[in-house]
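Comments concern the structure below.
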Amino acid sequence: MRSSNPVFSRRGFSRDNGYAGFNTAPQAGYAQGNPYAQNPYAQNPYAQQGVRYGAPPQAPATTDRMTMDDVVMRSALTLGTVAVGAVLAWTLLPVSGTSYALAFGAAIVAMVLALVQSFKRTPSPALILGYAAFEGVFLGVISEMYNSRWSGAPFQAVLGTMAVSAATLLIYKAGWIRVTARYARIGMAIAMAFVLVMAVNLLLVAFGVAENGGLRSFGPLGALVGIIAIVLGAFFLTLDFKQIEDGIAYGAPRSESWLAAFGLTMTLVWIYVEMLRLVAIFSNND
């Protein structure tokens, strides 16, 4: 994946669709009434630096442009698909070895679909909704598993995810966090280091070198790692908010709202899973 969550493929915003190198040639159809016709990136702090998280090129005048309503509707549809998949899995799949195997398979399929979308030049609603459906099945099974041992943990995790998302949005809108090129680079470096450490930890656990989950144990160390993961999820959210804000401001095509929905969904899934683990850890210590 190019950068996203959970392994950083930041949502398939590739160089070819204008989210990385930012096509610097002025777009046709902007000569009339467009103060940026000769330099569409005159006000774009990312354009000169080639940062992946800057604004996309403007869409042609004849193309529908992305709006906040588009992002909200497609995000609601994508997250709704996740929720429906989770409810069906919770309802129809009892806690058992078979359901765990199905959850693992669903997670693999979701990851493959996310990878395919990440490497595509254009957003595919079918891939994004397919990812959401299979991710929902995975979340439904693990949520039921956690609930069977820590009653109410999924509900608390949902509330925690909503709280983190709302707080991050408020902080972002208040201007307390400025998503600059330096901010993005430092944050992504930390996130990549975190994922690398988690991958090594997984291997150590698999080969019996680390016991009880290693860094992902259900003790104080595991709680600390979980908090770090949630903070990283909030960081991803700020990148998503900036991407949406710039996409609207610089006239990204309406189809790009699917990528915005895809990015938000992956980030919220990341936060929910980490929050679920954190709730379980704190419940163990009660």
Report summary line: Within region 139-165, the residues that are under 17 Å from the mean Cα position of the chain (by Cα) and open to solvent by 50 Å² or more (accessible area, probe 1.4 Å) are 158, 162, 163
Query - Matching option when the condition is of a type in the set (Gly, Ala, Ser) and either out of contact with any helix residue (DSSP H, G or I) (no Cβ under 8 Å at 6 or more places or on another chain) or surrounded by 14 or more Cβ atoms within 10 Å (Cβ to Cβ) (or both), among 219, 175 - result: 175
Query raised in the report: Is it the case that some residue within region 202-212 is on the phi > 0 side of the Ramachandran plot, open to solvent by 30 Å² or more (accessible area, probe 1.4 Å) and not small (Gly, Ala, Ser)?
Result: yes
Report summary line: If we keep only residues of region 48-76 that are part of a helix (DSSP H, G or I) and farther than 28 Å from residue 187 by Cβ, then the residue modelled with the highest pLDDT is 73
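The values are calculated or read from the model by the stated rules, or taken from the named source; none is laboratory data. Bear in mind that the values here come from a model prediction, so they are computed numbers and not experimental data. Neighbour counts are summed over all protein chains in view; Cβ atoms, including those assigned to glycine, are modelled from backbone coordinates with ideal geometry. All accessible areas refer to the heavy atoms of the entire protein, side chains included, with ligands and DNA or RNA removed. Shrake-Rupley method; radii C 1.70, N 1.55, O 1.52, S 1.80 Å.
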